[in-house]
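Working notes, beginning with the structure itself.
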Amino acid sequence: MEYVNYITYCGNSVTIFNEMISNFERSIPFKSEKMKKKLLLVISIACISCHPQWILAQAPDLGTASSFAVFTSTGAFGNTGVTVIYGDIGNNGSFITGFPPGTVTGSIHSVDAVSAGAASDLSNAYAFLSGLECGASEDVTMGNNQVITPGVYCLGDASTITGDLILDGLGNPNAVFVFQVNGTLTTGKFSNVALINLTSQDHVFWQVNGAVSLGDSSAFRGSILANGAVTLLEGAALAGRALSLSGAVALNTNTITITGNVIPLPIELLSFTGKCDQQGVILTWSTASESNNDHFSIERSTDAANWIVAGSVKGAGNSNTLRNYSLTDMDPCNSISYYRLQQTDLDGKFKYSRVISIANCLEALIELAIYPSPGSGVFNLSFKGDRDKVESITIYNTSGQKVYYSSKYQSVIDLSGKEGGTYFLHFQSASKTIVQKIMIKK
């Protein structure tokens with residue numbers, strides 16, 4: 001019978017389930033309404049058995065607190081640096097300081113009727129989340145490319161997030177994630193809570209029975225309802241809300257947005273990672289979708305403050321399919337290398353990813369690398385050693401004629417004006433001479 005196929009499809013998503021029920025009601029030619037309802041009940045139980053978290057993961061009603069990007073019912077509220085907040089901010093216990101230099105696109109409420117109402121609604125929402133039944137227990141150490149599907153998760157003690165934590169909505173835009181943390185919640189430096197497969201930040205809730213601290217340059221998503229202080233360290237970004245029932249709020253050069261004020265990103269970035277290998281640092285990233293995306297640039301830094309471009313890769317323009325990219329940096333830093341991904345639109349506007357760090361890769365590098373070869377004439381040079389002790393770089397053609405000379409180390413050698421063919425590079429340091437062949441292809 002036709003309903004057997006419906007049961008087979010059960011489990012794909014809540015949306016399919018709802019459509020299934022509607023179609024079933026229209027298509028089953030039973031004369032008995034009672035029999036039809038019984039059969040619908042059987043199908044419903046079968047589907048809920050496949051996904052028990054559907055009945056567990058329920059979104060709370062934030063009430064008037066929903067308009068606040070940052071709020072505390074009591075405690076100090078201070079900001080340092082050029083924090084930008086899209087949404088309201090409020091304090092029902094004291095004043096708010098640090099705006100300016102911080103900026104707010106919404107309203108500021110300090111000990112007024114609006115803040116009093118928000119404090120009451122926040123308390124109710126926190127109690128609602130506390131009362132939800134746990135669907136599963138989660139380890140207190142999360143992240144490192146961990147993927148979590150919708151549901152209510154209990155974390156029984158102080159918890160941390162490092163690396164990437166990926167929340168997969170399974171194609172359902174109404175999927176709800178609730179994390180009940182019985183203790184503090186801390187995210188690591190450069191950590192990232194990523195949302196994929198239609199997960200909405202409006203449906204992600206972190207009910208924390210303690211203080212919350214978001215690490216430097218981290219990216220966090222969802223609404224935080226904390227029974228303690230909330231601290232966003234320098235450069236941390238929050239797509240969601242930071243709401244505290246009883247604690248101070250401390251901000252430092254952050255970006256905080258609630259859904260109604262968020263400008264859609266031109267790309268949906270799923271991952272951005274790097275690793276050492278024999279040729280340098282391999283940077284890889286993937287996108288789930290792209291809109292008017294012109295190109296990506298990899299930027300490198302020794303201190304996560306001053307940046308140079310290590311290379312660029314052409315974007316897909318417009319895409320709704322998974323795309324993977326990579327770029328190898330042949331010239332990493334002597335110690336820790338910091339990297340970030342710059343995405344540039346067709347109109348020249350650009351945005352940055354989170355920052356990642358790669359440990360010293362020079363130990364894994366070959367002694368001297370020249371790339372690309374064959375190339376059009378512009379070559380990159382990477383040397384594993386003391387560059388201050390490089391005495392000369394000389395390039396000869398096959399006839400033995402000198403076509404290039406430098407008395408010091410150069411990371412880029414331009415031979416674009418030379419004819420195509422084979423050339424020989426003589427690299428002279430204080431201790432040795434290295435000869436390598438390079439080719440120009442015209």
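The values are calculated or read from the model by the stated rules, or taken from the named source; none is laboratory data. Just so it is clear, the structure is predicted and the values come from calculations on it, not from any experiment. Ideal geometry is used to build each Cβ from the backbone, glycine not excepted, and the neighbour counts take in all protein chains shown.
So which residues in region 123-182 are in contact with a Cys (Cβ under 9 Å, 6 or more places away or on another chain) and hydroxyl-bearing (S, T, Y), if there are any at all?
Within region 123-182, S137, Y153 meet the criteria.
Sort out which residues of region 164-196 are assigned to a loop (DSSP other than H, G, I, E, B), polar (S, T, N, Q) and in contact with a strand residue (DSSP E or B) (Cβ under 8 Å, 6 or more places away or on another chain), and write them in order of number.
Answer for region 164-196, where residues must be assigned to a loop (DSSP other than H, G, I, E, B), polar (S, T, N, Q) and in contact with a strand residue (DSSP E or B) (Cβ under 8 Å, 6 or more places away or on another chain): N182, T184, S191.
Just to be sure I understand, how many residues within region 387-404 are touching a residue at least 24 places away in the same chain (Cβ under 8 Å) and either among the polar types (S, T, N, Q) or over 14 Å from T433 (Cα atoms) (or both)?
Counting residues in region 387-404 that are touching a residue at least 24 places away in the same chain (Cβ under 8 Å) and either among the polar types (S, T, N, Q) or over 14 Å from T433 (Cα atoms) (or both) gives 5.
Which condition does G377 not pass, out of (1) modelled with pLDDT under 85; (2) out of contact with any helix residue (DSSP H, G or I) (no Cβ under 7 Å at 6 or more places or on another chain), if it passes all the others?
All conditions are met except number (1).
What number of residues within region 217-245 satisfy the criterion of being touching a Phe, Trp or Tyr at 6+ places or on another chain (Cβ under 9 Å), small (G, A, S) and either modelled with pLDDT of 95 or more or part of a strand (DSSP E or B) (or both)?
Total meeting the criteria: 9.
So, of the residues in region 100-134 that are assigned to a loop (DSSP other than H, G, I, E, B) and over 27 Å from the mean Cα position of the chain (by Cα), which turns out to be farthest from N79 (Cα to Cα)?
My answer is E133.
Do we find that K408 is surrounded by fewer than 14 Cβ atoms within 10 Å (Cβ to Cβ) and assigned by TED's automatic domain parsing to the domain that holds T287 in this structure?
Considered against the rule, which asks whether it is surrounded by fewer than 14 Cβ atoms within 10 Å (Cβ to Cβ) and assigned by TED's automatic domain parsing to the domain that holds T287, K408 comes out as no.
Name the single residue that is nearest to A211 (Cα to Cα) among those in region 146-175 being within 19 Å of the chain's Cα centre (by Cα) and of a type in the set (A, V, I, L, M).
I161
From F296, F272, grab the single residue that is aromatic (F, W, Y), part of a strand (DSSP E or B), in the same structural domain as I356 (by TED's automatic domain parsing) and modelled with pLDDT under 90.
Of the residues listed, the single one that is aromatic (F, W, Y), part of a strand (DSSP E or B), in the same structural domain as I356 (by TED's automatic domain parsing) and modelled with pLDDT under 90 is F272.
Could you give every pair whose Cβ atoms fall below 6 Å, whose first residue belongs to region 59-71 and is touching a residue at least 24 places away in the same chain (Cβ under 8 Å), and whose second residue is surrounded by fewer than 22 Cβ atoms within 10 Å (Cβ to Cβ), counting only separations of at least 6 or pairs across chains?
These pairs meet every condition: P60/F128; P60/L129; G63/D121; T64/G117; T64/D121; A65/D121.
Are any of the residues in region 433-442 in a strand (DSSP E or B), out of contact with any Gly (no Cβ under 7 Å at 6 or more places or on another chain) and among the basic types (K, R)?
Yes; the residues of region 433-442 include at least one that is in a strand (DSSP E or B), out of contact with any Gly (no Cβ under 7 Å at 6 or more places or on another chain) and among the basic types (K, R).
In region 369-383, is there at least one residue being surrounded by fewer than 15 Cβ atoms within 10 Å (Cβ to Cβ), β-branched (V, I, T) and not in a loop (DSSP other than H, G, I, E, B)?
Looking for residues that are surrounded by fewer than 15 Cβ atoms within 10 Å (Cβ to Cβ), β-branched (V, I, T) and not in a loop (DSSP other than H, G, I, E, B), one finds at least one in region 369-383, hence yes.
Is region 127-138 home to any residue that is among the hydrophobic types (A, V, I, L, M, F, W, C), out of contact with any helix residue (DSSP H, G or I) (no Cβ under 9 Å at 6 or more places or on another chain) and surrounded by 15 or more Cβ atoms within 10 Å (Cβ to Cβ)?
Checked against the condition, which is being among the hydrophobic types (A, V, I, L, M, F, W, C), out of contact with any helix residue (DSSP H, G or I) (no Cβ under 9 Å at 6 or more places or on another chain) and surrounded by 15 or more Cβ atoms within 10 Å (Cβ to Cβ), region 127-138 yields at least one hit.
Under 8 Å between Cβ atoms, at least 6 apart or on separate chains: pull out the pairs that start in region 405-424 with a residue that is closer than 25 Å to G311 by Cα and end on any residue that is of a type in the set (D, E, K, R) and surrounded by 15 or more Cβ atoms within 10 Å (Cβ to Cβ).
Taking only residues 6 or more apart or on different chains, the pairs are S411/D331.
Please enumerate the residues belonging to region 141-163 that are free of Cβ contacts under 8 Å to residues at least 24 places away in the same chain and not in a strand (DSSP E or B).
The one that is free of Cβ contacts under 8 Å to residues at least 24 places away in the same chain and not in a strand (DSSP E or B): N144.
Among the residues of region 426-442 satisfying the criterion of being in contact (Cβ under 8 Å) with a residue 40 or more places away in the chain and within 11 Å of L368 (Cα to Cα), which is surrounded by the most Cβ atoms within 10 Å (Cβ to Cβ)?
Within region 426-442, the match that is surrounded by the most Cβ atoms within 10 Å (Cβ to Cβ) is F427.
All but one of (1) surrounded by 12 or more Cβ atoms within 10 Å (Cβ to Cβ); (2) more than 27 Å from E234 (Cα to Cα); (3) outside the structural domain of I434 (by TED's automatic domain parsing); (4) modelled with pLDDT of 90 or more hold for A310; state the number of the condition that does not hold.
(2)
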